[in-house]
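The values are calculated or read from the model by the stated rules, or taken from the named source; none is laboratory data. What you are looking at is a predicted structure, and each value in this text was computed from that prediction instead of being measured. Note that we place each Cβ from the backbone using ideal geometry, even for glycine, and neighbour counts take in every protein chain shown.
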Amino acid sequence: MKTKVLFILTVFILLNFAGYSQIVLSEIDLPVAGDIQISSKIDSIEGINILPGDSGANKTWFFDSYNLWGGTLESSADSVRWVTADSLLVFPLANIALKSNCYLWHDMVSHTLKEKCFRDYYIKDSTGLNYYASSYPNANYLPDYRNIFPVIQYGQSKIDHSRIVIHKTIDSVYVTNVIDSTKADAWGEVITLIGNYNTIRFHTKETVWDSLYINGVGQQLNYMPNNYYYKWYTNDLGFPVMQINKGILEKQYNYQIVKFAVNKRNEIGIKEIINSGTNIKILPNPFNNEATIILNNQLFENNLTMNIYDITGRDIKEIKNISNENNIINRNKIPAGMYTFKITNNKEFIGTGKFIVL
């Protein structure tokens, strides 16, 4: 009888721990060119109220409450793309880049809309993503590389020293010195609004100080010893499932930013959490050449118009008289990026949402 009870108890324990196995990240979990990171974020007052939770083994973190996110998800979706490095003459060691902060501008010569994007460039190797240079806000480089994807196991730690150098003028140089102390301090299951993930968490403590050198004479400008990053990674994703941070890597170090991944790599179909709840869908999403507008059948009975806006708020395309026969978005000359759409019926608001053009 004791043997039978012990066997049942053992099976019960194994079943309960089956979904909470410890994972190990490796080189295959790094981002690849073509990956699209779509995330939803909050910041400032709302973001500061979300806590990273406990460290340790076999933990569970709950970030799946709408109230926790302040009800701002519809307006905070963000998209960045990983691409093959295309500025090898400027940053010759980079082999992959993060393409973000894209916008359209009017070329006064060709009178066409052109896309401008900032890029962060990385040396991708077996140790992770070594941050090498950036075109944001203007070209700069890191003489000491900064590993931002820590390919390490639970319990391991490392320290990175790096300097970001920006040449302001011929005789002035702006230097940011960074010390990152990272530890894989926890593993377990993280629960977000779109699903549950088996993760490993990295906690980074960051110290930053800025100096300005004019004709070789330096002056310290800022000293920030209390920056931090909490990032939850899972296998085969390429970017954090969840992150809570306040540091220069997000280009914000005066308030906390909280983000969670909305879709996994470049799979088709963005979760409907980014839509307004009016049963409006764009499929596929993201898309290359064309997509279909899918609405509640009752909405097709109305005289509907779709207006499409770029990330600067500029109205770039209008589709009138949307119906079952007229429900296609043709890319035409629309550059790659994230766009917002609004659907109206004789100026009466129907709904809104977002889509991505690859």
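Take residue 170 and decide whether it is over 18 Å from the mean Cα position of the chain (by Cα) and free of Cβ contacts under 8 Å to residues at least 24 places away in the same chain. Show your work before the answer.
Working: over 18 Å from the mean Cα position of the chain (by Cα): yes; free of Cβ contacts under 8 Å to residues at least 24 places away in the same chain: yes.
So residue 170 fits the description; yes.
Find the residue count for the range 245-283, including only residues that are farther than 30 Å from residue 209 by Cβ, modelled with pLDDT of 55 or more and surrounded by fewer than 16 Cβ atoms within 10 Å (Cβ to Cβ).
Residues flagged as farther than 30 Å from residue 209 by Cβ, modelled with pLDDT of 55 or more and surrounded by fewer than 16 Cβ atoms within 10 Å (Cβ to Cβ) within the range 245-283 amount to 2.
Exactly one of (1) modelled with pLDDT of 85 or more; (2) over 24 Å from residue 38 (Cβ atoms); (3) surrounded by fewer than 18 Cβ atoms within 10 Å (Cβ to Cβ) is unmet by residue 323. Its number?
It is condition (1) that residue 323 fails.
Could you grab me the full set of residues in the range 24-48 that are modelled with pLDDT of 85 or more, crowded, with 17+ Cβ neighbours inside 10 Å and aliphatic (A, V, I, L, M)?
Of everything in the range 24-48, those that are modelled with pLDDT of 85 or more, crowded, with 17+ Cβ neighbours inside 10 Å and aliphatic (A, V, I, L, M) turn out to be 25, 30.
Quick test for you: out of 123, 166, 170, pick the one residue that is buried (at least 19 other Cβ atoms within 10 Å of the Cβ) and among the aliphatic types (A, V, I, L, M). I'd like the intermediate steps shown before the answer.
On the way: 166 fails: buried (at least 19 other Cβ atoms within 10 Å of the Cβ); 170 fails: buried (at least 19 other Cβ atoms within 10 Å of the Cβ).
Within the list 123, 166, 170, the selection yields 123.
For the range 196-229, enumerate the residues that are crowded, with 18+ Cβ neighbours inside 10 Å and outside any strand (DSSP E or B).
Scanning the range 196-229 gives no hits.
Which of the residues belonging to the range 215-244 are of a type in the set (A, V, I, L, M) and either touching an Asp or Glu at 6+ places or on another chain (Cβ under 6 Å) or under 30 Å from residue 38 (Cα atoms) (or both)? It would help to see each step written out before you state the result.
Looking only at the range 215-244, we keep the residues that are of a type in the set (A, V, I, L, M), and these are 217, 221, 224, 237, 241-242, 244.
Hits for the range 215-244 are 221, 224, 237, 241, 242, 244.
Report, by residue number, each residue of the range 285-301 that is crowded, with 16+ Cβ neighbours inside 10 Å and at pLDDT 60 or above.
Answer for the range 285-301, where residues must be crowded, with 16+ Cβ neighbours inside 10 Å and at pLDDT 60 or above: 285, 286, 287, 291, 293, 295.
Identify the residue in the range 136-150 that is surrounded by fewer than 19 Cβ atoms within 10 Å (Cβ to Cβ) and not in a strand (DSSP E or B) and, among all such residues, is modelled with the highest pLDDT.
Going through the qualifying residues, I end up with 136.
Being small (Gly, Ala, Ser) and assigned to a strand (DSSP E or B) is the filter here, so list the residues in the range 126-135 that pass it. Give the derivation first.
Let us first name the residues in the range 126-135 that are small (Gly, Ala, Ser), namely 126, 128, 133-135.
Scanning the range 126-135 gives 128, 133, 134.
Out of contact with any helix residue (DSSP H, G or I) (no Cβ under 8 Å at 6 or more places or on another chain) and closer than 23 Å to residue 237 by Cα: is that true of residue 177 in this structure? Steps first, please.
Numbers: out of contact with any helix residue (DSSP H, G or I) (no Cβ under 8 Å at 6 or more places or on another chain): yes; closer than 23 Å to residue 237 by Cα: no.
It is false that residue 177 is out of contact with any helix residue (DSSP H, G or I) (no Cβ under 8 Å at 6 or more places or on another chain) and closer than 23 Å to residue 237 by Cα.
Among 162, 181, which is touching a Pro at 6+ places or on another chain (Cβ under 9 Å), under 17 Å from residue 249 (Cβ atoms) and not β-branched (Val, Ile, Thr)? If you could, list the steps in order and put the result at the bottom.
On the way: 181 fails: touching a Pro at 6+ places or on another chain (Cβ under 9 Å).
Among 162, 181, only 162 is touching a Pro at 6+ places or on another chain (Cβ under 9 Å), under 17 Å from residue 249 (Cβ atoms) and not β-branched (Val, Ile, Thr).
Yes or no: residue 144 in contact with a Lys or Arg (Cβ under 6 Å, 6 or more places away or on another chain), charged (D, E, K, R) and either within 24 Å of residue 239 (Cβ to Cβ) or not assigned by TED's automatic domain parsing to the domain that holds residue 58 (or both)? Spell out the reasoning first.
Details: in contact with a Lys or Arg (Cβ under 6 Å, 6 or more places away or on another chain): yes; charged (D, E, K, R): yes; either within 24 Å of residue 239 (Cβ to Cβ) or not assigned by TED's automatic domain parsing to the domain that holds residue 58 (or both): yes.
Considered against the rule, which asks whether it is in contact with a Lys or Arg (Cβ under 6 Å, 6 or more places away or on another chain), charged (D, E, K, R) and either within 24 Å of residue 239 (Cβ to Cβ) or not assigned by TED's automatic domain parsing to the domain that holds residue 58 (or both), residue 144 comes out as yes.
(1) out of contact with any Lys or Arg (no Cβ under 8 Å at 6 or more places or on another chain); (2) among the hydrophobic types (A, V, I, L, M, F, W, C); (3) over 19 Å from residue 93 (Cβ atoms): which one isn't true of residue 164, the others all being true?
Every listed condition holds for residue 164 apart from (3).
Restricting to the range 230-240, count the residues that are part of a strand (DSSP E or B) and in contact (Cβ under 8 Å) with a residue 40 or more places away in the chain.
Of all residues in the range 230-240, those part of a strand (DSSP E or B) come to 230-233.
So of that shortlist, the ones also in contact (Cβ under 8 Å) with a residue 40 or more places away in the chain come out as 230, 232-233.
Qualifying residue count for the region: 3.
What's the number of the condition residue 71 fails, among (1) on the phi < 0 side of the Ramachandran plot; (2) at pLDDT below 55?
All conditions pass for residue 71, except number (1).
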